[in-house]
Amino acid sequence: FIIQLLIVLWLLGISSIEDLKTKKVSGFYLIGFALLALYLQIRHIHLPLASVLGGAAIGLIFIGITILRMDAMGLGDGMVLIILGIFLGFRQSLEVMIIAIFLAAIYALFLMVIRKKDRKTEIAFIPFLFISFLLVWIYER
């Protein structure tokens, strides 16, 4: 379990830094994390297949929204959610995503009210996934 936790923290940490700096996430290392997630799921974690597929589906839905509305989110957000879904399964991935959306909405509202930004201002979403993952992990401990 500790290996899984460290890998997820590594994924979210690296992705958060890159997302904050460039508003993009490299597909190269995300593919590596996805392959690692699949390997660990098959060899060590053993969540039910339906849970893993459901968790990955959350990311696929994000990618679908991105394709339909190019201004909504980035493909990297969906790819990170797919990887989280493989690692965490459906329930935890859904919890992480809902909390991240809530936190990002509060931050966006803060930017609009206090800093006078508009709805078109881009914000990095993966840091909110990182924070929400930590909150879910702490709560479930």
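The values are calculated or read from the model by the stated rules, or taken from the named source; none is laboratory data. Everything numeric in this text was worked out from a predicted model, so none of it was measured. With ideal geometry, Cβ positions are generated from the backbone for all residues, glycine too; neighbour counts draw on all protein chains shown. Surface areas here come from the heavy atoms of the whole protein model, side chains and all, with no ligands, DNA or RNA. Shrake-Rupley method; radii C 1.70, N 1.55, O 1.52, S 1.80 Å.
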Where does each of 127-137, 85-95, 99-109 land if you order them by average Cβ count within 10 Å, highest first? 85-95, 127-137, 99-109
Would you mind telling me the share, in percent, of accessible area of the chain contributed by carbon and sulfur at probe 1.4 angstrom? 73 percent
Charged-residue dipole, Cβ positions (Lys, Arg, Asp, Glu), the chain about Cα centre, Debye nearest 20: 280 debye
Residue by residue through region 45-56, which ³J(HN,Hα) values in whole Hz follow from phi under the Karplus form 6.51 cos²θ - 1.76 cosθ + 1.60 (θ = phi - 60°), with glycine and proline marked x? 7, 6, 6, x, 4, 4, 5, 5, 5, x, x, 5
Could you list the residues of region 123-138 with an amide nitrogen less than 16 Å from a label point located 7 Å from the Cα of LEU5 in the Cα-to-C-beta direction? 131-138
What list of ³J(HN,Hα) couplings, whole Hz, do you get for region 136-141 from phi and the Karplus terms 6.51, -1.76, 1.60, once you set θ to phi - 60° and write x for glycine and proline? 5, 5, 5, 4, 7, 7
What residue among LEU30, LEU111, LEU12 has the largest mean-square fluctuation in a Gaussian network model of the chain, using Cα springs under 10 Å? LEU111
Whole-number accessible area per residue in Å² for the chain, which is evaluated in the context of all protein chains at 1.4 Å: 61 Å²
With only helices counted (DSSP H, runs n ≥ 4, each -39500 (n - 2.57)), the per-residue ellipticity at 222 nm for the chain, to the nearest 500, works out to -26000 deg cm²/dmol
Along region 36-44, Karplus-curve 3J(HN,Hα) (6.51, -1.76, 1.60; θ = phi - 60°) to the nearest Hz, with x for Gly and Pro, reads 5, 4, 4, 4, 5, 4, 6, 8, 10
Using the Cα gyration tensor of region 54-141, with a ≥ b ≥ c the square roots of its eigenvalues, what is the shape: rounded (a/c below 1.5), prolate (a/b larger than b/c) or oblate (neither)? oblate
What number do you get for region 102-141 when its Cα radius of gyration is normalised by 2.2 N^0.38 Å, N = residues? 1.38
Give me the percent of Cα-Cα pairs in region 10-63 that sit more than 18 Å apart, rounded to a whole number. 43 percent
